[in-house]
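The values are calculated or read from the model by the stated rules, or taken from the named source; none is laboratory data. Small disclaimer: the values here were computed from a predicted structure and weren't measured. Note that each Cβ is placed from the backbone with ideal geometry, even for glycine, and that neighbours are counted across all protein chains shown. For accessibility, only protein heavy atoms count, side chains too; no ligands or nucleic acids. Shrake-Rupley method; radii C 1.70, N 1.55, O 1.52, S 1.80 Å.
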Amino acid sequence: MCKIIELIDRHAISEGATETPIEGLQLFRTNHLVERLPGVYDPSICVIVQGQKRAYLDGTTHIYDRDQYLCSTLPIPAEAEVVEASPEKPLLGLLLRLETRTMFETVLEMTALDRGSASRAEVVPGLTVAKWDEDFATGLQRLLELLDDPVALNILGSGRLKELMFAVLRGEAGGAFVHAFGGGMQQISRALTFLNANLHEAISIDELAKEAGMSRAVFHRKFKEVTTYSPIQFIKLHRLNEASRLIVSGSTAGDAANRVGYSSQSQFSRDFRRYFGKSPYQWGLEQRSEQ
């Protein structure tokens, strides 16, 4: 673990996120506590090697730190906070996005070769945690070591990513990922991809069910099983989260509302205040002042 911390500390050069040349890998450093805020977790693995974060989904608290890492198998609106961080001992971690060719190939190969993993896959919420184990720690360190060797990175990068993903698939969260990427949740994923591409449009539940190839009733039930939200709740939260990102980036509340599909500015303001506890204007001011 000490070597992993040293590698992230050295390459996460500034406060916030640092992109790396490794496919889908982002390092991050946070020097201060961050209050509980809503956001959207894309399909990813989030690892904390120093400090601690908490994520909240539908009344469940997920703690991730040096003992367990966070796994998101679908785009999930959730809340998160940083509870251990300081300038002297910053929060250090990484985010590995899973919607990449290497990750898809690894899951599909694993599903084809290890039928036991496929059969054990259960429908679980799209956000969960898994314990660190020796294979995961080894795979993570070997991947991060490539940041010090550009030649090795070019030759070994995809192999090291597959090695790490293999460790994840053999770990506690393996069944959830196999099910999400190689099994039944692909149908829900298609609906979510359609939603992301058409967030600014008026989208009906029937349209999403059609994209998933399900009846409305079956889609509603399956959707709630894997996201913990009803489709209507999910659409609203996804739009509000995207609007908050736009506002922090400098958009006006009216422009953000239009871009995420709200036809009523007053309804947008009411929903925003109910979800974030502040008006869009107050939210934008506070978030920009903290950047």
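In table form, for the structure just shown:
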item	result
Selection from the stretch 190-207 of residues that are at pLDDT below 85, surrounded by fewer than 20 Cβ atoms within 10 Å (Cβ to Cβ) and closer than 17 Å to residue 76 by Cβ	190, 193, 196, 199
Contacts under 8 angstrom Cβ, first residue in the stretch 2-15 being closer than 16 Å to residue 138 by Cβ, partner open to solvent by 10 Å² or more (accessible area, probe 1.4 Å) and of a type in the set (A, V, I, L, M), 6 or more apart	4/137; 7/147
Selection status of residue 42, acidic (Asp, Glu), outside the structural domain of residue 244 (by the TED database), within 30 Å of residue 150 (Cα to Cα) and open to solvent by 10 Å² or more (accessible area, probe 1.4 Å)	yes
Subset of the stretch 66-83 [closer than 17 Å to residue 35 by Cα and either open to solvent by 10 Å² or more (accessible area, probe 1.4 Å) or β-branched (Val, Ile, Thr) (or both)]	79, 80, 81, 82, 83
Residues of the stretch 237-255 that turn out to be in contact with a strand residue (DSSP E or B) (Cβ under 9 Å, 6 or more places away or on another chain) and open to solvent by 50 Å² or more (accessible area, probe 1.4 Å), as a count	2
Any hit, the stretch 88-109, residues being of a type in the set (Asp, Glu), at pLDDT 80 or above, open to solvent by 30 Å² or more (accessible area, probe 1.4 Å) and more than 29 Å from residue 189 (Cα to Cα)	yes
Single match in 43, 21 (criterion: touching a helix residue (DSSP H, G or I) at 6+ places or on another chain (Cβ under 9 Å), at pLDDT below 95 and under 26 Å from residue 177 (Cβ atoms))	43
Scan of the stretch 208-233 for residues that are within 16 Å of residue 127 (Cα to Cα) and either open to solvent by 70 Å² or more (accessible area, probe 1.4 Å) or assigned to a helix (DSSP H, G or I) (or both), ordered by number	222, 223, 224, 225, 226, 227
Identity of the residue in the stretch 239-281, of a type in the set (Gly, Ala, Ser) and not in a helix (DSSP H, G or I), that ends up nearest to residue 197 (Cα to Cα)	261
Inter-residue pairs, beta-carbon under 8 Å, first closer than 25 Å to residue 59 by Cβ and in the stretch 214-229, second open to solvent by less than 30 Å² (accessible area, probe 1.4 Å) and aromatic (Phe, Trp, Tyr), 6+ apart	223/234; 227/234; 229/223
Per-region count, the stretch 10-22, residues among the charged types (D, E, K, R) and in contact with a Lys or Arg (Cβ under 8 Å, 6 or more places away or on another chain)	1
Residue selected from the stretch 1-38 under the condition surrounded by fewer than 19 Cβ atoms within 10 Å (Cβ to Cβ) and aliphatic (A, V, I, L, M), by the criterion farthest from residue 52 (Cα to Cα)	13
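Yes/no per residue for (1) farther than 15 Å from residue 29 by Cα; (2) touching a Leu at 6+ places or on another chain (Cβ under 6 Å):
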site: 65; (1), (2): no, no
site: 73; (1), (2): yes, no
site: 80; (1), (2): yes, no
site: 85; (1), (2): no, yes
site: 91; (1), (2): no, no
site: 97; (1), (2): yes, no
site: 101; (1), (2): yes, no
site: 105; (1), (2): yes, no
site: 110; (1), (2): yes, yes
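Conditions tested, residue by residue: (1) over 22 Å from residue 52 (Cβ atoms); (2) out of contact with any strand residue (DSSP E or B) (no Cβ under 8 Å at 6 or more places or on another chain); (3) of a type outside the set (Phe, Trp, Tyr).
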position	(1), (2), (3)
66	no, no, yes
70	no, no, yes
75	yes, no, yes
78	no, no, yes
84	no, no, yes
88	no, yes, yes
108	yes, yes, yes
